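None of the figures in this text is laboratory data; all of them are computed from the coordinates on show. Worth saying up front: this structure is predicted, and the values here are computed from it rather than measured. Every residue, glycine among them, receives a Cβ derived from its backbone with ideal geometry; neighbour counts consider all protein chains shown.
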Amino acid sequence: MELIDVIRTTNACRYYKTDEVSDALVIEVLDAARWAPTGSNKQPVTWVVVKDAAKRRALHDLYQPLWDGVMQKYASGAIGAGFKPGFLEHVDHFAKHLKDVPVMIVVCAAVNDITPVDANLGRLTVTGGSSIYPAVQNLMLAARNEGLGSTLTTILCLAEPEVKALLDIPDELATCAMITLGWPAKPFPGRLHRKPLADIAFLDSYGTALPGA
């Protein structure tokens, strides 16, 4: 596939077949992930590939109650607004069938190798993720290029102690996300729906139109 087509059609896949994903394909997408840039080239990201059915079920059992709590907040109106019809139904289906996804990849990072340079700005720090999530995106783009679906979810981080115990993850690592990987049960989108470029890109000053956008 052309790179731009891969970028424009890499969606959050929430419906999967149960067909096996070969070890060779898993290795291929992980190899793509490791080329992502990181601060000072410290490469803090490591991966735990989970294919064992019992461990996938255990991760599901940790994930489901966390997601149920999020759903209750959506239902009460405490969070979320403006979703397209069916969105929550699709995400809920993903959560309820998580154990059936053939590959789960838990993303870990060495905290001491990450520098959150915005830690003292009096707001949520975000810069530390710059050494983590580009690798995640590399993986997901490589998966799409091979016809594999993937989804990035961070909810499982709320059960970090249990996940670390289940997968023997060392104390000095943080769990940063989980990626599901498998053959999609529904076709990939022809193109994703995103905000127009003119709404998000500006020239010289925020809000000044970028010519050609």
Notebook entry, point to check: So what's the back-of-envelope 222 nm ellipticity for the chain, counting only DSSP H runs of four-plus at -39500 (n - 2.57) apiece and dividing by all residues, rounded to 500?
Noted result: -11000 deg cm²/dmol
Notebook entry, point to check: Which whole-Hz ³J(HN,Hα) couplings does the stretch 37-43 yield from phi under the Karplus relation 6.51 cos²θ - 1.76 cosθ + 1.60, θ = phi - 60°, glycine and proline marked x?
Noted result: x, 9, x, 6, 6, 7, 6
Margin query: Could you sort the peptides 37-44, 17-24 by per-residue average Cβ neighbour count (10 Å cutoff), highest mean leading?
Written below: 37-44, 17-24
Next item on the list: Quick one: which residues, 5 or more positions from residue 185 or on another chain, have an amide H under 5 Å from its amide H? H modelled 1.01 Å from N in the peptide plane, none for Pro or chain starts.
Entry: 15, 16, 17
Item checked: Cut-off 20 Å (backbone N to label point 7 Å along Cα→Cβ of residue 64), residues of the stretch 169-213 -> 178-181
Next item on the list: Report the full-extension gain for the segment residue 137 to residue 194: residue separation times 0.36 nm, less the Cα-Cα distance, to one decimal in nm.
Entry: 18.8 nm
Note to self: Just to be sure I understand: of the beta bridges DSSP finds with both ends in the chain, what percent are antiparallel, rounded to 5?
What the structure shows: 95 percent
Checklist line | Top of 153, 125, 115 by mean-square fluctuation, Gaussian network on the chain, Cα under 10 Å | finding: 125
Checklist line | Scattering curve values for the chain, log₁₀ I(q)/I(0), Debye with Cα scatterers, q = 0.07, 0.08 Å⁻¹ | finding: -0.24, -0.32
Next item on the list: Using packing as a proxy for protection, rank 47-54, 129-136 so that the peptide with the highest average count of other Cβ atoms within 10 Å comes first.
Entry: 129-136, 47-54
Check: Can you pick out the pairs among 55/96; 73/96; 84/164; 42/96; 164/195 whose Cα atoms lie more than 27 Å from each other?
Finding: 84/164; 42/96; 164/195
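What dipole magnitude, in Debye to the nearest 20, does the chain give about its Cα centre under +1 on Lys/Arg Cβ and -1 on Asp/Glu Cβ?
On the way: 20 positive and 23 negative charges, 121 e Å.
Approximately 580 debye in magnitude.
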Next item on the list: Considering the options 69, 9, 153, tell which one lies farthest towards the positive end of the dipole of the stretch 3-200, charges being +1 on Lys and Arg and -1 on Asp and Glu at the Cβ, about the Cα centre.
Entry: 9
